[in-house]
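Enquirer: The structure follows.
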């Protein structure tokens with residue numbers, strides 16, 4: 001398969017969302033989130049899941065015309081109800097609200113209930129950085145990660161993202177899960193018949209294990225990042241997102257990729273925006289960021305490494321390449337994009353057709 | 001040695017700070033921070049360092065009568081200058097300010113420059129929880145932790161703390177460094193002739209190593225928590241604390257326990273307070289916290305473990321025991337408390353005198 005032009009992928013994704021009944025604006029927003037994530041090379045959180053989002057939209061577990069809206073607010077905070085619309089639509093609404101409030105308030109914190117899986121947390125944090133602000137984004141999810149001493153999953157791999165702009169040194173975008181390693185990596189090892197580091201998994205007796213087949217058989221959970229540290233951060237996210245907003249907690253959150261597709265999952269998120277301009281002024285902040293990033297990049301690096309990277313730098317390089325040359329997806333993503341086309345009543349687009357695209 | 005009564009330790013610490021020229025209020029604040037930390041069993045960040053703080057106070061690198069003060073502020077944010085006073089005095093000032101602002105603004109973010117080592121980050125986060133709010137506290141420090149691909153230390157072990165109250169289920173207090181393991185643990189292994197997990201250290205070629213003697217010889221750095229994740233979080237803290245506040249960054253931060261003692265270290269901190277009352281109301285929030293904590297504690301636990309713990313629970317149990325029975329310090333802390341007494345012109349207090357206390 002030839003690389004897929006970003007514009008073609010975006011147009012296809014937009015059409016699929018429109019077909020599901022989204023407004024033009026919301027379809028555009030959701031397509032932008034997913035395709036941007038793909039340009040970063042983060043294929044696990046991009047259009048790969050388009051088929052899953054649209055299954056839920058067709059089943060009305062996600063409302064195609066849902067309207068995220070403010071339930072309560074002050075100058076520096078808001079409680080948003082996602083109205084079971086797409087997590088990407090609600091996430092963008094909430095982060096934009098936080099940025100708008102921080103513009104005058106200096107800081108703003110927005111919590112969201114009644115949402116769904118929102119894709120890559122880093123996308124929302126980066127929206128703040130694009131506007132010259134510092135952003136944080138986080139979300140809860142169904143339990144997949146053990147706690148120290150637990151016999152099974154206690155919390156989700158609750159993602160956390162942070163982004164900050166600089167003057168000339170690029171945007172920092174950190175996007176991490178609070179599990180030691182992603183479930184997708186464990187599944188890949190199982191498929192290839194390999195073992196994984198024993199720091200990645202916890203078996204049904206609460207002991208470390210390197211056998212990825214146990215995870216596939218649901219006889220092992222992901223291990224929290226650095227043990228009690230990742231567990232604590234995941235709990236922080238559960239509180240800031242779920243407890244504060246009044247949304248579902250832990251195992252009451254719905255599994256977004258599975259049945260029942262007609263029932264909202266009630267995921268929750270939290271977004272923080274900090275406006276650096278109020279502290280030292282925008283120019284001084286950006287110059288100090290350049291100094292920090294440049295200083296780190298200038299440090300001696302290990303053999304075979306060009307320079308020490310700022311988080312998000314690799315993804316920005318991939319994005320440049322994707323915009324210039326298109327995206328070379330793994331076969332599994334291509335297959336699922338074809339599923340999205342077929343299930344939504346579209347012919348397989350030529351860029352996804354091996355016979356045509358060769 | 002018999003356990004030391006908490007009241008005796010507090011009175012001693014207070015007297016030592018007064019002798020260094022602190023006001024009664026500031027001496028009380030600093031003693032409370034350090035002794036509370038000791039009651040949690042976190043001996044690395046309590047009165048163990050009293051001698052080091054007082055050396056710096058006597059050398060005027062910490063100003064005994066320094067006054068932390070607001071440089072700039074809005075209803076939901078502030079920039080505080082620590083005036084090179086004790087980090088504990090400045091930290092308490094800044095977190096109280098954040099909590100007071102969040103009471104009306106819903107959220108408040110306070111950054112601090114021109115401070116010093118502030119002890120345990122968890123103490124400040126817990127101040128917010130004590131007032132029914134959610135708190136975050138963080139600080140930068142001199143580099144001791146490698147970045148992915150670096151040949152040496154890039155950032156400090158930049159601590160991060162989060163705290164949140166509940167109705168009847170206790171306070172959550174998470175306090176973590178962004179290194180995989182603490183330098184103190186590595187030093188202890190070296191002293192005992194043991195190796196450490198190779199995930200803890202990075203050698204001078206940027207490779208993992210389990211040899212703790214390399215760290216002692218400054219030929220190895222601490223590894224970041226879960227690699228790029230801990231590195232990214234440490235950078236986040238460097239930005240929120242150091243870049244935003246206009247304080248020293250990375251290797252320009254002073255080494256607080258070493259010469260030059262007369263020069264301020266220019267550490268920076270950041271504090272966030274979120275008032276849950278504005279979202280769902282205080283009672284609903286606390287009940288939801290009880291539900292979350294109780295649900296986790298009720299899950300099946302591994303053999304030999306009574307129940308899954310909420311972060312800070314172990315420390316609260318230790319505090320109860322300490323208040324009832326006194327604190328049984330490791331020998332090294334007792335030795336350094338005697339140093340603090342001697343260097344500040346006090347006779348060794350009876351509770352620290354092996355001859356008397358037996």
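The values are calculated or read from the model by the stated rules, or taken from the named source; none is laboratory data. Remember, predicted model here, so these are calculated numbers, not experimental data. No Cβ is skipped: glycine too gets one built from the backbone with ideal geometry, and neighbour counts run over all protein chains shown.
Enquirer: Of all the residues that make up segment B:294-332, how many are surrounded by 16 or more Cβ atoms within 10 Å (Cβ to Cβ), assigned to a loop (DSSP other than H, G, I, E, B) and facing chain A (nearest Cβ under 10 Å)?
Expert: Count: 7.
Enquirer: Oh, and also: Please state which of the following conditions residue B:1 fails to meet, knowing it meets all the rest: (1) assigned by TED's automatic domain parsing to the domain that holds residue B:326; (2) touching a residue at least 24 places away in the same chain (Cβ under 8 Å).
Expert: Unmet for residue B:1, out of (1) assigned by TED's automatic domain parsing to the domain that holds residue B:326; (2) touching a residue at least 24 places away in the same chain (Cβ under 8 Å): (1).
Enquirer: Looking at segment B:79-98, which of its residues are surrounded by 23 or more Cβ atoms within 10 Å (Cβ to Cβ) and farther than 30 Å from residue B:344 by Cβ?
Expert: B:98
Enquirer: Turning to a different aspect of this structure: Got a number for residues in segment B:139-166 being within 21 Å of residue A:235 (Cβ to Cβ) and more than 12 Å from chain A (Cβ to nearest Cβ)?
Expert: 1
Enquirer: Also, I was wondering about something else. Can you work out which of the residues in segment B:173-198 that are under 21 Å from residue B:142 (Cα atoms) and part of a loop (DSSP other than H, G, I, E, B) is nearest to the chain's Cα centre (by Cα)?
Expert: B:177
Enquirer: Based on this model, can you work out whether residue B:271 counts as part of a loop (DSSP other than H, G, I, E, B), touching a residue at least 12 places away in the same chain (Cβ under 8 Å) and touching a helix residue (DSSP H, G or I) at 6+ places or on another chain (Cβ under 7 Å)?
Expert: Answer is no for this residue.
Enquirer: Residue B:93 - would you say it is outside any helix (DSSP H, G or I), touching a strand residue (DSSP E or B) at 6+ places or on another chain (Cβ under 9 Å) and either outside the structural domain of residue B:253 (by TED's automatic domain parsing) or at pLDDT 95 or above (or both)?
Expert: Criteria not met by residue B:93.
Enquirer: Taking segment A:265-280 as the region of interest, how many residues are more than 19 Å from residue A:70 (Cβ to Cβ) and more than 10 Å from chain B (Cβ to nearest Cβ)?
Expert: 2
Enquirer: Then there is this: Condition check: modelled with pLDDT under 95 and in contact with a helix residue (DSSP H, G or I) (Cβ under 8 Å, 6 or more places away or on another chain). Does residue A:332 satisfy that?
Expert: Yes.
Enquirer: Moving to a separate point now. With A:204, A:189 as the choices, which residue is out of contact with any strand residue (DSSP E or B) (no Cβ under 9 Å at 6 or more places or on another chain) and under 28 Å from residue B:303 (Cβ atoms)?
Expert: It is A:189.
Enquirer: Within 18 Å of residue A:121 (Cβ to Cβ) and within 14 Å of chain B (Cβ to nearest Cβ): is that true of residue A:107 in this structure?
Expert: For residue A:107, the condition - within 18 Å of residue A:121 (Cβ to Cβ) and within 14 Å of chain B (Cβ to nearest Cβ) - is not met.
Enquirer: Can you name the residue in segment A:208-243 that is surrounded by fewer than 23 Cβ atoms within 10 Å (Cβ to Cβ) and more than 27 Å from residue B:291 (Cα to Cα) and is also nearest to the other protein chains (Cβ to nearest Cβ) among such residues?
Expert: Within segment A:208-243, the match that is nearest to the other protein chains (Cβ to nearest Cβ) is A:208.
Enquirer: Something else about it: Would you check if residue A:88 is modelled with pLDDT of 95 or more and in contact with a strand residue (DSSP E or B) (Cβ under 9 Å, 6 or more places away or on another chain)?
Expert: no
Enquirer: Do we find that residue B:185 is free of Cβ contacts under 8 Å to residues at least 40 places away in the same chain and under 25 Å from residue A:235 (Cβ atoms) in this structure?
Expert: Yes: the conditions hold for residue B:185.
Enquirer: When the residues of segment B:333-358 are narrowed to those that are surrounded by 12 or more Cβ atoms within 10 Å (Cβ to Cβ) and outside any helix (DSSP H, G or I), which ends up nearest to the chain's Cα centre (by Cα)?
Expert: B:344
So that you can scan it fast, the table gives a plain yes or no per residue for (1) in contact with a helix residue (DSSP H, G or I) (Cβ under 9 Å, 6 or more places away or on another chain); (2) within 14 Å of chain A (Cβ to nearest Cβ); (3) within 24 Å of residue B:332 (Cα to Cα):
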| residue | (1), (2), (3) |
| --- | --- |
| B:47 | yes, no, yes |
| B:50 | yes, no, yes |
| B:56 | no, no, yes |
| B:66 | yes, no, no |
| B:74 | yes, yes, no |
| B:78 | yes, yes, no |
| B:82 | yes, no, no |
| B:85 | yes, no, no |
| B:89 | yes, no, no |
